[in-house]
Amino acid sequence: MKNSFTIDSPSTPKLDRFVPLPKQKEFLIMDRRFDFFGYIGGWGAGKTIAGCVKSLLLASMYPGNVGLVARNSFPQLRDTTMRTFRELTPDSIIKGYSKTDTMLELVNGSVILFRHLGDENLKSLNLGFFYIDEAVDVDEQIFYLLVSRLRLPHIPKRVGFFTTNPGDFSSWIYRLFINPTTKKERFGVVFSSTLDNTYLPEGYRENLLAALDDKYAERYIHGKFNELTTGRVYFEFSMEKNVSSEVRLLPDIPLHIGMDFNVNPMAATVTQDVGDELWVVDEIYLPNSNSWEMAREITKRFKGYTIFIYPDAT
Ligand SMILES: Nc1ncnc2c1ncn2[C@@H]1O[C@H](COP(=O)(O)OP(=O)(O)OP(=O)(O)O)[C@@H](O)[C@H]1O
Ligand SMILES: [Mg+2]
């Protein structure tokens, strides 16, 4: 059962002829430093091809590996990610595709499964790696579900990785992988711009630059997380100016707590006056809660501090 349909206009090189862009090269060796990692970039920045190359390398390197290549919806998976994968894979390493083309077996016994992320059967997989294309469309819970499936024995290192356009600051990707104050250890990303991809047809980058307004260009060309909607509450907030890993709870300085009295969630920001700056040192987020629980949480976390609370009276 060889590849069951032909590709009419392959634009993707075969794996053995693939010459990575500098950012792709960085991405391809991220598993030396990280267990979970991503390639974030603008449109056409070479994201999907990078994710497919990494998947093929892991499947080739470790015989008997089982990898998942996934995306939120099946049509997108089939029309872009799977297509790139097929174009990339040299015939010499293919043992066969399943009838529906959703499983590829390599001659070394490794298997790659192509699934959309609404698939009920994800819960029964034992994986050596997973790759999510356009992860910004995917729920955080699904990411954790896939993390829990990384338990194929006999593989020296199991990893999860993704490629994606950036999203906004509320995305789990931003929180877990980028924000210096909430980022997880051994989680890492590389950023790339559409302008870095020298393989794109002439005029593509110029057309995009001419067409997109500044905020869209920042996200979809330059590959940066941002807010696209105007009217942001803190419109002057900037990640560069207002976020620092130095900010932490200091002893002996009173706390100023802004309190939002809701039931779900009950939330508070905890700040301290440090010189002429106001440091936001903690936040409290209690789903389905009440004033008593909030009071308990505050006394548990901040015993001994002088505390001023500023409730939202509305
Ligand atoms: N290292 C490379 N060698 C040859 N071609 C490349 C390379 N990197 C990217 N390309 C080509 O650049 C084009 C865009 O790549 P790709 O589809 O991977 O980008 P993308 O960021 O996933 O795009 P999209 O934003 O549409 O999802 C493709 O035609 C791809 O084959
Ligand atoms: Mg893509």
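The values are calculated or read from the model by the stated rules, or taken from the named source; none is laboratory data. Keep in mind that what you see is a predicted model, and the values were worked out from it rather than measured. Cβ: placed from backbone, ideal geometry, glycine included. Neighbour counts: every protein chain shown. Accessible surface is based on the protein model in full, side chains and every heavy atom, while ligands, DNA and RNA are left aside. Shrake-Rupley method; radii C 1.70, N 1.55, O 1.52, S 1.80 Å.
Observations on the model:
- The numbered conditions (1) more than 12 Å from ligand 1 (Cβ to nearest atom); (2) more than 11 Å from residue 38 (Cα to Cα); (3) in contact with a Leu (Cβ under 9 Å, 6 or more places away or on another chain) are all true for residue 170 except (3).
- Matching residues in the range 248-274 - criterion: being farther than 18 Å from residue 313 by Cα, part of a strand (DSSP E or B) and touching a residue at least 24 places away in the same chain (Cβ under 8 Å): 255, 274
- Just one of (1) within 12 Å of ligand 1 (Cβ to nearest atom); (2) open to solvent by 30 Å² or more (accessible area, probe 1.4 Å); (3) in contact with a His (Cβ under 8 Å, 6 or more places away or on another chain) fails for residue 73. It is (1).
- Long-range neighbours under 7 Å by Cβ, at least six apart or interchain, first residue within 16 Å of ligand 1 (Cβ to nearest atom) and part of a strand (DSSP E or B) within the range 106-133, second aromatic (Phe, Trp, Tyr) and modelled with pLDDT of 95 or more: 131/161; 131/162; 132/162
- In the range 76-99, residue farthest from ligand 2 (Cβ to nearest atom) [restricted to those that are buried (at least 16 other Cβ atoms within 10 Å of the Cβ), within 21 Å of the chain's Cα centre (by Cα) and in contact (Cβ under 8 Å) with a residue 40 or more places away in the chain]: 77
- Filter result (in a loop (DSSP other than H, G, I, E, B), open to solvent by 90 Å² or more (accessible area, probe 1.4 Å) and of a type in the set (A, V, I, L, M, F, W, C)) within the range 275-314: 313
- Residue 191 passes every criterion in (1) more than 16 Å from ligand 2 (Cβ to nearest atom); (2) assigned to a strand (DSSP E or B) apart from (1).
- Filtered residues of the range 147-167 (kept if part of a loop (DSSP other than H, G, I, E, B) and more than 15 Å from ligand 1 (Cβ to nearest atom)): 149, 150, 151, 152, 153, 154, 155, 156, 157, 158
- Top-ranked residue of the range 27-58 - restricted to ones that are free of Cβ contacts under 8 Å to residues at least 60 places away in the same chain and away from ligand 1 (no atom under 12 Å from the Cβ), ranked as nearest to residue 82 (Cα to Cα): 56
- Of the residues 118, 109, 203, 160, the single one that is farther than 16 Å from residue 39 by Cβ and in contact with a strand residue (DSSP E or B) (Cβ under 9 Å, 6 or more places away or on another chain) is 109.
- Candidate set: the range 134-146, residues that are in contact (Cβ under 8 Å) with a residue 60 or more places away in the chain and part of a helix (DSSP H, G or I); chosen: the one most open to solvent (accessible area, probe 1.4 Å): 137
- Residues in the range 180-220 that are surrounded by fewer than 15 Cβ atoms within 10 Å (Cβ to Cβ) and touching a Phe, Trp or Tyr at 6+ places or on another chain (Cβ under 8 Å): 184, 186.
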